[in-house]
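Participant: Before I ask anything, let me first share the structure, which is written out below as structure tokens.
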Amino acid sequence: MAAEKNLLLEFLLRQGDNALILGHRVSEWCGHAPVLEEDIALANTALDLIGQTQMWLGYAAEVQGEGKTADDLAFLRDAWDFRNVLLTELPNGDFGQTLMRQFLFDAFQSVYLARLLGSSDETVAAIAAKASKEVAYHVERSADTVVGLGDGTEESHARMQAALDYLWPYVGEMFESDAVDTAMAESGVAPDPATLREEYDALVTRVLTDATLTIPESRFAHKGGRTGQSHTEHLGHLLTTMQWLQRAYPGNTW
Amino acid sequence: MTQPSIEQVWEWLGAIPDPEIPVITLVDLGIIRDVAFHGETCVVSVTPTYSGCPATSMINVDIETCLRDHGLNKIELKQQLSPAWTTDWMSDKARAALEEYGIAPPQAKGTPARCPRCGGDHIEKLSQFGSTPCKAQWRCKDCLEPFEYFKCI
């Protein structure tokens, strides 16, 4: 039973950390986006992701059973404890790169959360039901923007292609599966992400073709984030900002 | 005091305005899912509109303050995630109040029916996101004014 609990915890941390780290990254745009509407849209997306984090990490803390909270998990762990995929921790780059990263992640979320609706774990299904409504808006907007910029000017097209070339090697990690995924699939909690690649590729190919962009041929995948084995150097820097207050004043409360 | 009836509690809650859109109440919005007494404790189940909506904590404070003002002192607020909130639960009264206030009410087809200012139906979407998580930004091509649309989820 203990092993099962640890596997569920690991699964929940992966969901929560993806939402937390991407949510923080997107929030870095607040007040800096090219136009007001985009600023508001980015801030709203970040807000949804942080809200989803509270649900995932809140449940993770409950499953862990050590009296911790979602905040403890977000602010009192260090880089090696995080289980987000590398894609979510990559720097924002320009606006186009941020939206390309968002689209590649939103597309995964829209496919994955749809399956979690039928999870054998009631809380997982409830969180997925809540989050998937929000993600439907995220993917609609990020896909529209990727098409607008990809099929835009020579300059915007070149930037979007560069963003796709840079980010594509980070897509494969979302579909990596290990013992945690096998256990989740066997107990009906979550599907093995490897089985969702075809559906994802169909969605992404459709949008990127509309955007007149070329998907790189290589399937090489950077990995190590969702297992916690090796994050990029960017995560540590992100955490020093995100966790600054707890690091400077340990245990301080609002 | 004697324990108030469930109907009485609903009536009290029905007077609490939404902190962001004060022309509609929390009950109209459909986010209060249940009221029950467990012994002497009044248990109110609330479901969030959007998972990260910053008004959520304000809403909880408002509910607690309202019930305390009516003499209840054992109060428990429960967050209920499932079933997830949908704009289908919004009352007709609330939809009319929104439109009157200048916010186009949610529509099943996913786009506003008309401009809440001039009633014109030549409208276009500016952004899927607005000043609060629950709203999108639209513009009327008849009166040329921007307006907010309460998103359908």
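Participant: With unit charges on the beta carbons (Lys and Arg positive, Asp and Glu negative) and the dipole taken about the Cα centre of chain B, which residue among B:Ala113, B:Ile31, B:Leu77 sits farthest to the positive side?
Facilitator: Checked the options; the winner is B:Ala113.
Participant: Moving on to the next point. If you keep only loop residues by DSSP, which chymotrypsin sites (Phe, Trp or Tyr not before Pro) in the range A:174-231 have at most 14 other Cβ atoms within 10 Å of their Cβ?
Facilitator: A:Phe220
Participant: Okay, next question. Please give the per residue volume of the convex hull enclosing the alpha carbon atoms of chain B, rounded to a whole number of Å³.
Facilitator: 101 Å³
Participant: Can I ask one more? Please report how far the C-alpha centroid of the range B:117-153 lies from that of the range B:30-83, rounded to the nearest whole angstrom.
Facilitator: Each part reduced to its Cα centre gives a spacing of 31 Å.
Participant: A 29 angstrom limit on the alpha carbon distance is what I want to check against. Which of B:Lys93/B:Lys135; A:Lys5/B:Lys135; B:Lys74/B:Lys151 exceed it?
Facilitator: On the way: B:Lys93/B:Lys135 18 Å; A:Lys5/B:Lys135 39 Å; B:Lys74/B:Lys151 35 Å.
Beyond 29 Å: A:Lys5/B:Lys135; B:Lys74/B:Lys151.
Participant: A follow-up question, please. Apply the Kirkwood formula to the range B:6-85: the hydrodynamic radius equals the inverse of the mean of 1/r over all pairs of different alpha-carbon atoms; give it in Å with one decimal.
Facilitator: 12.7 Å
Participant: For B:Leu144 and B:Ala15, compute 0.36 nm times the residue count separating them, minus their Cα-Cα distance, and round to one decimal in nm.
Facilitator: Using 0.36 nm per residue and subtracting the Cα-Cα distance, I get 42.9 nm.
Participant: Let me ask something additional. Scattering from the C-alpha atoms of the range A:61-158 alone, worked out with Debye: what is log10 I(q)/I(0) at q = 0.13, 0.21 1/Å?
Facilitator: -0.64, -1.15
Participant: Can you tell me the Rg and Dmax of the range B:98-150, counting just the alpha carbons, in angstroms?
Facilitator: Taking only Cα atoms of the range B:98-150, I get Rg and Dmax of 9.6, 26 Å.
Participant: List the cysteines in the protein assembly as shown whose Cβ has no other cysteine Cβ under 4.7 Å from it.
Facilitator: Cys with no partner Cβ under 4.7 Å: A:Cys30, B:Cys42, B:Cys53, B:Cys66, B:Cys134, B:Cys152.
Participant: If I model the protein assembly as shown as equal point scatterers sitting on the Cα atoms and use the Debye formula, what is log10 I(q)/I(0) at q = 0.06, 0.14 Å⁻¹?
Facilitator: -0.26, -1.34
Participant: Identify the GluC sites (Glu not before Pro) of the range A:59-89 meeting these criteria: DSSP loop state and at most 11 other C-beta atoms within 10 Å of the C-beta.
Facilitator: A:Glu66
Participant: For the residues A:Thr53, B:Thr41, what sequence is obtained by ranking on other C-beta atoms within 10 Å, fewest first?
Facilitator: Fewest-to-most ranking of A:Thr53, B:Thr41: B:Thr41, A:Thr53.
Participant: Measure nothing fancy, just the Cα-based angle from helix B:55-69's long axis to the longest principal axis of chain B, in degrees from 0 to 90, nearest 10.
Facilitator: Tilt relative to chain B: about 40 degrees.
Participant: Here is a follow-up. Helix A:122-150 against the longest principal axis of chain A: what's the angle in degrees, Cα atoms only, rounded to the nearest 10?
Facilitator: With both axes taken from Cα atoms, the answer is about 20 degrees.
Participant: What FRET efficiency, computed as 1/(1 + (r/R0)^6) with R0 = 51 Å and r the Cβ-Cβ distance, is obtained for A:Gln229 and A:Val35, rounded to the nearest 0.05?
Facilitator: Numbers: r = 40 Å, r/R0 = 0.78.
Given R0 = 51 Å and the Cβ-Cβ separation, E is 0.80.
Participant: So who's got an amide H within less than 5 Å of the one on B:Phe147, skipping anything under 5 residues away but keeping other chains? H placed 1.01 Å off N, in plane.
Facilitator: B:Trp138, B:Arg139, B:Cys140
Computed from the coordinates by the stated procedures, all read-outs in this text should not be read as laboratory data. None of the values given here were measured: they were computed from a predicted structure. When we count neighbours, we look across all protein chains shown, and the Cβ atoms used for this are built from the backbone with ideal geometry, even at glycine.
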